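Asks: Please find one structure pasted underneath; my questions will follow.
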Amino acid sequence: MEQANIKIIVRNRKAHFEYEIIQSFEAGIVLHGTEVKSLRAGKCNLTDGFVEIVSGEAWLKSVHISEYTQGNINNHDPFRDRKLLLNGIEIKKLNQKVKEKGYTIVPLSLYFKNGKVKVEIALAKGKKLYDKRETIAKRDLERDRKRNNY
């Protein structure tokens, strides 16, 4: 079995703090040529992004991919909705969970895998304020423990 060549473009670090990750999926994404060139330059922001399922198709929304600097009049819209390529069974499963209260689908990372752009999305549940405080306390405790060991 061949080793997959993966190069991470951008991660949504805020997602792990704001949400409890239930399950993650890898999806392909439909892009224009200038978007791919802009992603190779690392010009992307996933922070406010989310996935919405509309008529049996998954769409990535509110993700900013900057316009390509050497692009011309045919450059892409930075905030356009982008179709995700998922299996029909996966879309149905995600749609059922999203209909339940409190669940959402968020993008975790965008990366190149064997020359193709992939997005890692996750079924997530929003954390309450006390959960966020607990996460901060654990992180601080871990940092202090590492500091004292060295």
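The values are calculated or read from the model by the stated rules, or taken from the named source; none is laboratory data. Note that the structure is predicted; figures quoted are calculated from it, not measured. Neighbour counts are summed over all protein chains in view; Cβ atoms, including those assigned to glycine, are modelled from backbone coordinates with ideal geometry.
Asks: How many residues, within the range 94-130, are loosely packed, with under 15 Cβ neighbours inside 10 Å and either within 19 Å of ALA15 (Cα to Cα) or of a type in the set (Phe, Trp, Tyr) (or both)?
Replies: 6
Asks: Identify the residue in the range 114-142 that is at pLDDT below 90 and basic (Lys, Arg) and, among all such residues, is farthest from ILE21 (Cα to Cα).
Replies: The residue in question is LYS116.
Asks: Still on this structure, please answer the following. On the basis of being farther than 30 Å from LYS138 by Cα, in a helix (DSSP H, G or I) and of a type in the set (Ser, Thr, Tyr), does THR34 make the cut? Reasoning before the result, please.
Replies: Numbers: farther than 30 Å from LYS138 by Cα: yes; in a helix (DSSP H, G or I): yes; of a type in the set (Ser, Thr, Tyr): yes.
In short, yes.
Asks: Only one of (1) modelled with pLDDT under 85; (2) on the phi < 0 side of the Ramachandran plot is not met by GLY102, so which one is it?
Replies: So the condition that GLY102 fails would be (2).
Asks: Let me ask another. Is there a residue in the range 40-61 that is assigned to a loop (DSSP other than H, G, I, E, B), closer than 24 Å to GLU100 by Cα and without any contact (Cβ under 8 Å) to a residue 24 or more places away in the chain?
Replies: Yes, the range 40-61 contains at least one residue that is assigned to a loop (DSSP other than H, G, I, E, B), closer than 24 Å to GLU100 by Cα and without any contact (Cβ under 8 Å) to a residue 24 or more places away in the chain.
Asks: I would also like to ask the following. Of all residues in the range 1-29 being at pLDDT 90 or above and either among the hydrophobic types (A, V, I, L, M, F, W, C) or more than 24 Å from GLU100 (Cα to Cα) (or both), which is surrounded by the fewest Cβ atoms within 10 Å (Cβ to Cβ)?
Replies: Here the answer is GLY28.
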